[in-house]
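Below you'll find the structure, written out as structure tokens, and then a few comments.
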């Protein structure tokens, strides 16, 4: 099963843009699938995460909210990909 990162985001979100940039930079050379979901397209996601984005999931496990810790992400991915 491939390693997957899901980013819950929305338009005009500075923290979301930063999170996406960090995730893309760190995973560029790794076998990781990245899915970016705009929560504004899903009322249930807006209700759940409206004020808490970005939210980052690694294989359906929430690992970050609001900000991405680069070092922690690298460690989690290394562990996941071993």
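The values are calculated or read from the model by the stated rules, or taken from the named source; none is laboratory data. Keep in mind that what you see is a predicted model, and the values were worked out from it rather than measured. Reconstructed Cβ throughout: ideal geometry from the backbone, glycine too, with neighbour counts over all protein chains shown.
Listed conditions (1) outside any helix (DSSP H, G or I); (2) at negative phi are all met by residue 12, apart from (2). Tell me which of these residue 22 doesn't satisfy, since it passes every other one: (1) outside any loop (DSSP other than H, G, I, E, B); (2) without any contact (Cβ under 8 Å) to a residue 12 or more places away in the chain. Among (1) outside any loop (DSSP other than H, G, I, E, B); (2) without any contact (Cβ under 8 Å) to a residue 12 or more places away in the chain, the lone unmet condition for residue 22 is (2). Scan segment 28-82 for residues that are in contact with a strand residue (DSSP E or B) (Cβ under 7 Å, 6 or more places away or on another chain), without any contact (Cβ under 8 Å) to a residue 60 or more places away in the chain and not in a loop (DSSP other than H, G, I, E, B) and the total you get is 19. Determine, yes or no, whether residue 71 is surrounded by fewer than 13 Cβ atoms within 10 Å (Cβ to Cβ), within 19 Å of residue 17 (Cβ to Cβ), modelled with pLDDT of 95 or more and out of contact with any helix residue (DSSP H, G or I) (no Cβ under 8 Å at 6 or more places or on another chain). No; evaluated as a whole, the condition is false for this residue.
Taking residue 55 as the residue in question, decide whether it is in contact with a helix residue (DSSP H, G or I) (Cβ under 8 Å, 6 or more places away or on another chain), surrounded by 12 or more Cβ atoms within 10 Å (Cβ to Cβ) and under 15 Å from residue 81 (Cα atoms). Criteria not met by residue 55.
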